[in-house]
């Protein structure tokens, strides 16, 4: 067991290095010059030279990569050019929202997908089976962004049942937090529910047809 874990770690190290090199290369391929954005509208040559020296942009690319990798390993992901805050703080600030949205969407997917898959398998060949398959196919085919826009227009704009945007922590107001998160969670959960429904139906049919 220990040798297996060590082999996995040895395989993961070069994989992580390759991924880090790929991410660093993507930064270099992005259009525009971040130094010009940080220098402001005046673009003072002295400020530009100072920023390039500060962020080691005058160094060769391999040297820049090594400094960047060292900072990442120490938890320094840099400063946001938009908010002038550490990137790690921004991630930590938004992480609870992401976790809440992911958990709610998974709950919706399981509550919808698994029962529909079981019902479709038990009622194979009936109108319930065809209806469940149509719903699953729609969930896989409809883009999330389009479904989200349509729900905003219908539920928020026309009916006024739920807010179109915003967020409230569940620790502050659980009801408002649920109202702001249920619609995006439903949108994200539809495709996963469709996938779960198809897998559940296939597994259920295999069990029902077994001896």
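The values are calculated or read from the model by the stated rules, or taken from the named source; none is laboratory data. All values reported here derive from a predicted model rather than from experimental measurement. Cβ: placed from backbone, ideal geometry, glycine included. Neighbour counts: every protein chain shown.
Give me the residue from region 154-198 that is part of a helix (DSSP H, G or I) and exposed (fewer than 13 other Cβ atoms within 10 Å of the Cβ) and, out of that set, farthest from the chain's Cα centre (by Cα). Step through it out loud before you land on a result.
Initial filter on region 154-198 (part of a helix (DSSP H, G or I)): 154-158, 174-198.
From the residues that got through so far, the ones that are exposed (fewer than 13 other Cβ atoms within 10 Å of the Cβ) too are 154, 157-158, 174-175.
Details: 154: 25, 157: 26, 158: 29, 174: 23, 175: 24 Å.
Taking the candidates together, the pick is 158.
Quick grid of which residues meet (1) in the same structural domain as residue 186 (by TED's automatic domain parsing); (2) touching a residue at least 40 places away in the same chain (Cβ under 8 Å):
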position: 12; (1), (2): no, no
position: 24; (1), (2): no, yes
position: 30; (1), (2): no, no
position: 53; (1), (2): no, no
position: 85; (1), (2): no, no
position: 97; (1), (2): yes, yes
position: 101; (1), (2): yes, yes
position: 106; (1), (2): yes, yes
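Please go through region 10-39 and give me each residue that is exposed (fewer than 10 other Cβ atoms within 10 Å of the Cβ) and touching a helix residue (DSSP H, G or I) at 6+ places or on another chain (Cβ under 9 Å), ordered by number.
28
Every residue, every condition in (1) loosely packed, with under 13 Cβ neighbours inside 10 Å; (2) farther than 30 Å from residue 27 by Cβ, yes or no:
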{"site": "75", "(1), (2)": "yes, no"}
{"site": "84", "(1), (2)": "yes, no"}
{"site": "97", "(1), (2)": "no, no"}
{"site": "113", "(1), (2)": "no, yes"}
{"site": "142", "(1), (2)": "no, yes"}
{"site": "148", "(1), (2)": "no, no"}
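Restricting to region 29-67, count the residues that are over 18 Å from residue 81 (Cβ atoms) and not in a helix (DSSP H, G or I).
3
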